[in-house]
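Mind looking over this structure? Questions follow.
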Amino acid sequence: MGKDLSEAFPVARAVFGEVDAALGTDLSRLCFEGPAEELTLTRNAQPALFAHSAAAWGLTKDALHQHVRAAAGHSLGEFPAHPAAASASPA
């Protein structure tokens, strides 16, 4: 999950590195190598989904940010939507 993005794009690699640092764990290793049974546990899946979404936005924001007027996400998706909409994170 996200390994191809991270290998191909420095900005995606940096996002995964920032998430690892913020969590104090090697989440990127779990995303890239598994095992899937551990990655799909809620405590790992949710930050992994956030990291992947943030990495994907990091790749596309230069081309798209001028066209984004709003961004939305459901549940966890709300958090990566905030940078896309250039809004503050929810409290």
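What follows is calculated from the coordinates using simple rules that are stated; it is not laboratory data. Here the structure is a predicted model, which is why all the values come from computation and not from measurement. Methodologically, a virtual Cβ is constructed for each residue, glycine included, from the backbone with ideal geometry; neighbour enumeration extends over all protein chains shown.
Going by the structure shown, is Arg13 farther than 24 Å from His74 by Cα and part of a helix (DSSP H, G or I)?
Considered against the rule, which asks whether it is farther than 24 Å from His74 by Cα and part of a helix (DSSP H, G or I), Arg13 comes out as yes.
Hey, another quick one. Just to be sure I understand, how many residues within segment 57-72 are surrounded by 11 or more Cβ atoms within 10 Å (Cβ to Cβ) and either assigned to a helix (DSSP H, G or I) or free of Cβ contacts under 8 Å to residues at least 12 places away in the same chain (or both)?
7
When the residues of segment 16-54 are narrowed to those that are of a type in the set (Val, Ile, Thr) and surrounded by 13 or more Cβ atoms within 10 Å (Cβ to Cβ), which ends up farthest from Ser75 (Cα to Cα)?
Selected residue: Thr25.
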